[in-house]
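Participant: Would you mind keeping the following structure in view while I ask a few things?
The values are calculated or read from the model by the stated rules, or taken from the named source; none is laboratory data. Note that the coordinates shown come from a computational prediction; the quantities given were computed from them, not determined experimentally. Every residue, glycine among them, receives a Cβ derived from its backbone with ideal geometry; neighbour counts consider all protein chains shown. Just the protein is used for accessible areas: all its heavy atoms, side chains included, with ligands, DNA and RNA removed. Shrake-Rupley method; radii C 1.70, N 1.55, O 1.52, S 1.80 Å.
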Amino acid sequence: MKLLVPVKRVVDYNVKVRVKSDGTGVETANVKMSMNPFDEIAVEEAVRLKEKGVVSEIIAVSAGPTAAQEQIRTALAMGADRGILVEHDGVLEPIAVAKILKALADKEQPQLIILGKQAIDDDMSATGQMLAALLGWGQGTFASKVEIADGFATVTREVDGGLETVKLALPAIVTTDLRLNEPRYASLPNIMKARKKPIETVKPADLGVDVTPRLTVLKVEEPAKRSAGVKVGSVAELVDKLRNEAKVI
Amino acid sequence: MAILILADHDGAAVTQPTRSTVAAGAKLGEVHLLLVGEGAATAAASASQIPSVAKVLVAEDASLAKRLAEPTAALLVSLAGGYSHLLAPASAAGKNVMPRVAALLDVQPISDVAGVIDADTFVRPIYAGNALATVKSSDPKKVATVRAASFDPVPATGGSAPVETIAAAADPALSSFLGAEVQKSERPELTAARIVISGGRAMGSAENFAIIEKVADKLGAAVGASRAAVDAGYAPNDHQVGQTGKIVAPELYIAVGISGAIQHLAGMKDSKVIVAINKDEEAPIFQVADYGLVGDLFKLIPELETELDKK
């Protein structure tokens, strides 16, 4: 069976983002960009399913600027077979990405789509659930374990208070949580091989998708800064401060 | 039009984050609460006493028992016609269901609302809370999840709203519930606790978390953990505080052996008072702490436990 794995180009998780002085967004010029960490986990899970013989072909998709090819190449180096870039400069909201992915899923007919549970830039945590709705498929979000057998996906989910296991009829959507796996580093030979793997480029309009944003960003600002407090010299002093100064215990 | 809020409940009452969501919803209009799943009717009786709730809807159909995303979303969509806003707490359950609802209504959801400006305009954190975006939605209906830490919960009692039992929508039957492993604890829920004490990688082992738990029990606090501690297997996943875990804003947050990565700070920096205990004087956590104590946690935490006994 085919598997689709979407990957997003985001500001690297180690970068301390800065709000632009004009309040229109955050500074992304000359900032290191990487694959969204949850999407790396998704790619890793896809590759492991292929290694187990469950999946026959992995298609890595990215919707974004031309440079998002880099993130598709990373997925290809990790073990995906081919890539699709849905090229668009400018904002793509989860609803637009979900519609793009639906159009691709209609064409490619994958049995499973694994996505990151959230992108670390907009922190929306929405695309997987939205795609599941548009396709009319079941969803196993925030997965810490995925098993595929006999036309079903059994997904263990990280929920408030512990874990929950659901069984989904394939085709289905899975979104990855942190502890699903530890993504591999692509080896140099695999990076070289990935250069020869095909990447098809399309535009949202080719897929019949209107990507006009529904949200207008009126302003982006820095949150109120906390200032560092005082260092206390002992546990007794700490307890005294908490009791008599902060009055929280 | 009224505001519909999908409540989280434990079969007895709605959660505190749900009451925070009611506080956010009340800024927009008349609030109706929807409770689904096992025990919804019992919890609804309690929820009907929340003063700012005008009506409580209950659906206990078998297809909704485990609050699976697909039938729950179908129910919300069937009710959506009568509402301008559909809200839920930004809990695991709310985050699972609401984007599905939004897609079925052709709406871009607004996740993790931390401020309500007007019916169309909301403030939400992006980039792990390092920036706050004010966004205005052009969608005819709004679908959003609410960051509980940003809204003081409304009281649990004092009102008397009518309770109405409603039927489920047709079950899409796309998934089934196999089981759950729920951590049973006498301690308060992380997102509702007045005091939270969290351990980091420096705890060294799951067993060592016991010294934190003893202090937690003295303070009536919830126990949290950094991602590093959870990844290392020292603490269960639902203890994780941070960008991709739980967002907490207690009166007092005590960070023990936590260096203070931006991703962790994203989950706790709105706490009223922050205490950091760490042996590394340069740890970034001290930059946000009101009170810092430098030293070996294995010596200081047992000392703290003893000191709390003294009056």
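Participant: Does the range A:103-141 hold any residues that are more than 9 Å from chain B (Cβ to nearest Cβ) and over 24 Å from B:Q263 (Cα atoms), and which are they? I'd like the intermediate steps shown before the answer.
Facilitator: At the first step, the residues of the range A:103-141 found to be more than 9 Å from chain B (Cβ to nearest Cβ) are A:103-116, A:119, A:135.
The answer is A:A103, A:L104, A:A105, A:D106, A:K107, A:E108, A:Q109, A:P110, A:Q111, A:L112, A:I113, A:L135.
Participant: In addition: Restricting attention to the range A:221-249, which residues are closer than 30 Å to B:V135 by Cα, of a type outside the set (S, T, N, Q) and more than 8 Å from chain B (Cβ to nearest Cβ)? Even if it seems obvious, please write down each step before you answer.
Facilitator: Of the residues in the range A:221-249, the ones closer than 30 Å to B:V135 by Cα are A:221-227.
If we keep only those that are of a type outside the set (S, T, N, Q) too, we end up with A:221-226.
Passing the criteria: A:A224, A:K225.
Participant: A further question follows. For the range B:249-298, which residues satisfy the criterion of being among the charged types (D, E, K, R) and more than 9 Å from chain A (Cβ to nearest Cβ)? Please lay out each step first, then the result.
Facilitator: Within the range B:249-298, the subset among the charged types (D, E, K, R) is B:251, B:269-270, B:272, B:279-282, B:290, B:296.
Scanning the range B:249-298 gives B:K279, B:D280, B:E282, B:D296.
Participant: Against the definition (more than 16 Å from the chain's Cα centre (by Cα) and more than 9 Å from chain A (Cβ to nearest Cβ)), how does B:A232 come out, yes or no? Working first, answer last.
Facilitator: Working: more than 16 Å from the chain's Cα centre (by Cα): yes; more than 9 Å from chain A (Cβ to nearest Cβ): yes.
When the stated conditions are applied, B:A232 passes them.
Participant: Moving to a separate point now. Can you tell me which residue within the range B:180-220, out of those that are in a loop (DSSP other than H, G, I, E, B) and of a type in the set (A, V, I, L, M), is most open to solvent (accessible area, probe 1.4 Å)?
Facilitator: This residue is B:A206.
Participant: Only one of B:A54, B:A90, B:A40 is of a type in the set (G, A, S), touching an Asp or Glu at 6+ places or on another chain (Cβ under 6 Å), open to solvent by less than 10 Å² (accessible area, probe 1.4 Å) and at pLDDT 95 or above; which?
Facilitator: Values: B:A54 fails: open to solvent by less than 10 Å² (accessible area, probe 1.4 Å); B:A90 fails: open to solvent by less than 10 Å² (accessible area, probe 1.4 Å).
Checking each option against the conditions leaves just B:A40.
Participant: So which strands (runs of 3 or more DSSP E) stay within the range B:246-311 end to end and still have 2 or more residues that are open to solvent by 10 Å² or more (accessible area, probe 1.4 Å) and touching a strand residue (DSSP E or B) at 6+ places or on another chain (Cβ under 9 Å)? I'd like the intermediate steps shown before the answer.
Facilitator: Details: elements: B:252-256, B:273-278, B:291-294.
Filter on the range B:246-311 gives B:273-278, B:291-294.
Participant: Residues to consider are A:Q71, A:Q111; find the one that is in contact (Cβ under 8 Å) with a residue 24 or more places away in the chain, open to solvent by 40 Å² or more (accessible area, probe 1.4 Å) and not acidic (D, E). Break it down into steps so the answer makes sense when it comes.
Facilitator: Details: A:Q71 fails: open to solvent by 40 Å² or more (accessible area, probe 1.4 Å).
Just a single option satisfies the conditions, and that option is A:Q111.
Participant: Does A:E51 satisfy the criteria of being of a type in the set (D, E, K, R), free of Cβ contacts under 8 Å to residues at least 40 places away in the same chain and farther than 15 Å from A:V209 by Cα? Spell out the reasoning first.
Facilitator: Working: of a type in the set (D, E, K, R): yes; free of Cβ contacts under 8 Å to residues at least 40 places away in the same chain: yes; farther than 15 Å from A:V209 by Cα: yes.
Criteria met by A:E51.
Participant: In the range A:157-182, how many are within 10 Å of another protein chain (Cβ to nearest Cβ), among the hydroxyl-bearing types (S, T, Y) and under 18 Å from the mean Cα position of the chain (by Cα)?
Facilitator: Adding up the residues that qualify gives 1.
Participant: At least 1 residues that are in contact with a His (Cβ under 7 Å, 6 or more places away or on another chain) and charged (D, E, K, R) in each: list the strands (runs of 3 or more DSSP E) lying fully within the range B:1-83 that qualify.
Facilitator: Working: elements: B:2-6, B:31-36, B:53-59.
Per the criteria, B:53-59.
Participant: Might you check whether a residue that is among the β-branched types (V, I, T) and in contact with a strand residue (DSSP E or B) (Cβ under 8 Å, 6 or more places away or on another chain) occurs anywhere in the range B:73-96? If you could, list the steps in order and put the result at the bottom.
Facilitator: Of the range B:73-96, the ones among the β-branched types (V, I, T) are B:77.
Filter once more, so that each one left must be in contact with a strand residue (DSSP E or B) (Cβ under 8 Å, 6 or more places away or on another chain): none.
No, because not a single residue in the range B:73-96 is among the β-branched types (V, I, T) and in contact with a strand residue (DSSP E or B) (Cβ under 8 Å, 6 or more places away or on another chain).
Participant: Ok, one more. Right, A:L134: modelled with pLDDT of 95 or more and more than 21 Å from A:S62 (Cβ to Cβ) or not? Steps first, please.
Facilitator: Working: modelled with pLDDT of 95 or more: yes; more than 21 Å from A:S62 (Cβ to Cβ): no.
When the stated conditions are applied, A:L134 does not pass them.
Participant: May I ask you to list the residues in the range A:144-193 that are within 17 Å of A:L76 (Cα to Cα) and touching a Gly at 6+ places or on another chain (Cβ under 9 Å)?
Facilitator: Within the range A:144-193, A:R184, A:A186, A:N190 qualify.
Participant: Would you please name the residue that is surrounded by the fewest Cβ atoms within 10 Å (Cβ to Cβ), looking only at residues in the range A:142-156 that are more than 11 Å from every other protein chain (Cβ to nearest Cβ) and among the small types (G, A, S)?
Facilitator: The qualifying residue surrounded by the fewest Cβ atoms within 10 Å (Cβ to Cβ) is A:A149.
Participant: On to the next question. Can you tell me which residues in the range B:9-33 are within 24 Å of B:I247 (Cα to Cα) and surrounded by fewer than 24 Cβ atoms within 10 Å (Cβ to Cβ)?
Facilitator: B:H9, B:D10, B:G11, B:A12, B:A13, B:T15, B:Q16, B:A23, B:A26, B:K27, B:L28
Participant: Okay, next question. Any idea which of A:K231, A:K219 is open to solvent by 70 Å² or more (accessible area, probe 1.4 Å), touching a residue at least 40 places away in the same chain (Cβ under 8 Å) and not in a loop (DSSP other than H, G, I, E, B)? Write out each step before concluding.
Facilitator: Numbers: A:K231 fails: touching a residue at least 40 places away in the same chain (Cβ under 8 Å).
So the residue among A:K231, A:K219 that is open to solvent by 70 Å² or more (accessible area, probe 1.4 Å), touching a residue at least 40 places away in the same chain (Cβ under 8 Å) and not in a loop (DSSP other than H, G, I, E, B) is A:K219.
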